[in-house]
Amino acid sequence: MTVKKAAVHTKDEFNSKVKTACQEQRTGTVGRFKIAKVIVVGDLAVGKTCLINRFCKDAFDKNYKATIGVDFEMERFEVLGVPFSLQLWDTAGQERFKCIASTYYRGAQTIVIVFDVNDVASLGHARQWLEDALKENDPTNVQLFLVGTKKDLSSPAQYSQIEQDAIELAEEIKAEYWALSSLTGENVREFFFRIASLAFEANVLAELEKSGSRHIGDVIKINSNSNNVYATSKKKQSNCCQ
Ligand SMILES: Nc1nc2c(ncn2[C@@H]2O[C@H](COP(=O)(O)OP(=O)(O)OP(=O)(O)O)[C@@H](O)[C@H]2O)c(=O)[nH]1
Ligand SMILES: [Mg+2]
């Protein structure tokens with residue numbers, strides 16, 4: 001399958017540490033106030049807004065209305081029983097709005113680079129979009145997706161030609177490749193579920209790492225036998241309380 005072939009994060013399953021942490025409700029801040037920021041970039045009219053609208057509103061508009069600057073949508077999920085939200089930033093592809101849009105790139109956990117599978121030039125520009133988005137983000141900390149839209153408009157023969165190039169690029173930039181259609185809805189839900197799952201997993205793993213040997217959710221007990229703050233600070237002042 002295309003998706004699998006191009007997937008760099010070839011994972012069918014959640015990381016077992018993540019699964020256990022969710023079962024034991026040890027996901028720390030994830031599930032309480034964790035929101036992952038997703039930015040969607042790419043040439044004008046490739047279908048970024050339609051993609052977000054298909055998923056968030058189950059709507060499709062045939063008429064092109066350029067995004068001016070940015071728009072955003074929040075979408076709430078539940079992953080492995082834990083609430084998790086995505087903040088989806090839809091940016092403008094038009095050159096004249098690019099500089100407003102790029103001010104919103106910072107702090108992205110996921111970068112989605114969109115191209116039109118019927119427009120080779122838009123795939124050619126993907127690298128530039130990525131470069132611009134990475135200027136504002138830590139490249140080691142983001143998940144990348146390369147997404148071909150408007151699959152409904154291409155014949156299988158046309159599609160397989162551009163697919164080769166898209167897969168090659170995806171492998172090179174370490175992105176996961178998806179092809180979909182906002183008109184028919186093909187692969188749209190699956191794609192956003194995938195973003196949510198990978199972002200969630202990365203967040204939980206980061207929480208687990210941050211907590212080190214201590215388990216997230218563990219309570220630190222202070223009791224009368226402990227060498228507690230009160231005793232220690234007193235000790236510093238005088239030797240009378242040992
Ligand atoms: N057939 C077909 N048309 C699509 C699809 N997705 C988008 N379109 C059409 O492509 C045009 C541009 O779509 P938008 O989603 O507005 O493009 P955009 O990338 O947001 O453009 P900017 O906001 O200017 O950057 C519109 O006329 C859409 O109806 C699709 O999957 N299939
Ligand atoms: Mg738009």
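The values are calculated or read from the model by the stated rules, or taken from the named source; none is laboratory data. Computed from a predicted model, the values in this text were never measured in an experiment. Here the Cβ is made from the backbone with ideal geometry for all residues, glycine too, and neighbour counts use every protein chain on show. Accessible surface areas use protein heavy atoms only, side chains included; no ligands, DNA or RNA. Shrake-Rupley method; radii C 1.70, N 1.55, O 1.52, S 1.80 Å.
Odds and ends about this structure:
- Matching residues, region 63-73, being over 23 Å from the mean Cα position of the chain (by Cα) and either in contact (Cβ under 8 Å) with a residue 24 or more places away in the chain or not in a loop (DSSP other than H, G, I, E, B) (or both): A66
- Lone qualifier among S197, S224 - being out of contact with any strand residue (DSSP E or B) (no Cβ under 8 Å at 6 or more places or on another chain), at pLDDT below 95 and open to solvent by 20 Å² or more (accessible area, probe 1.4 Å): S224
- Per the conditions (1) within 16 Å of the chain's Cα centre (by Cα); (2) within 16 Å of ligand 2 (Cβ to nearest atom), the sole criterion not satisfied by V46 is (1).
- Close Cβ contacts (under 7 Å, 6 or more residues apart or on different chains) running from residues in region 43-62 that are of a type in the set (A, V, I, L, M, F, W, C) to residues that are assigned to a helix (DSSP H, G or I) and more than 10 Å from ligand 2 (Cβ to nearest atom) comprise V46/S122; L51/V188; F55/V188; F55/R189; F55/F192; F60/R54.
Rundown of residues vs (1) aliphatic (A, V, I, L, M); (2) in a helix (DSSP H, G or I); (3) more than 16 Å from ligand 2 (Cβ to nearest atom), yes/no style:
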position: G93; (1), (2), (3): no, no, no
position: R96; (1), (2), (3): no, yes, no
position: T103; (1), (2), (3): no, yes, yes
position: V114; (1), (2), (3): yes, no, no
position: Q128; (1), (2), (3): no, yes, yes
position: G148; (1), (2), (3): no, no, yes
position: S160; (1), (2), (3): no, yes, yes
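- Single residue of region 84-114 satisfying the filter (hydrophobic (A, V, I, L, M, F, W, C), open to solvent by less than 50 Å² (accessible area, probe 1.4 Å) and more than 10 Å from ligand 1 (Cβ to nearest atom)) that is farthest from D152 (Cα to Cα): F84
- Test for N118: is it open to solvent by 10 Å² or more (accessible area, probe 1.4 Å), within 27 Å of D61 (Cβ to Cβ) and touching a helix residue (DSSP H, G or I) at 6+ places or on another chain (Cβ under 7 Å): yes
- Test for E172: is it open to solvent by 40 Å² or more (accessible area, probe 1.4 Å) and modelled with pLDDT of 60 or more: yes
- Out of F60, F55, one residue alone is open to solvent by 40 Å² or more (accessible area, probe 1.4 Å) and within 15 Å of ligand 1 (Cβ to nearest atom). It is F60.
- Counting only residues that are closer than 25 Å to A199 by Cα and either without any contact (Cβ under 8 Å) to a residue 24 or more places away in the chain or hydroxyl-bearing (S, T, Y) (or both), region 110-132 holds 3 of them.
- Qualifying residue in region 14-28 (condition: more than 8 Å from ligand 1 (Cβ to nearest atom), in contact with a strand residue (DSSP E or B) (Cβ under 6 Å, 6 or more places away or on another chain) and either at pLDDT below 95 or of a type in the set (D, E, K, R) (or both)): yes
- Filtered residue count, region 138-155, keeping only those that are open to solvent by 20 Å² or more (accessible area, probe 1.4 Å) and either away from ligand 1 (no atom under 16 Å from the Cβ) or under 21 Å from the mean Cα position of the chain (by Cα) (or both): 6
- Some residue of region 33-41 being more than 10 Å from ligand 2 (Cβ to nearest atom), open to solvent by 10 Å² or more (accessible area, probe 1.4 Å) and not charged (D, E, K, R): yes
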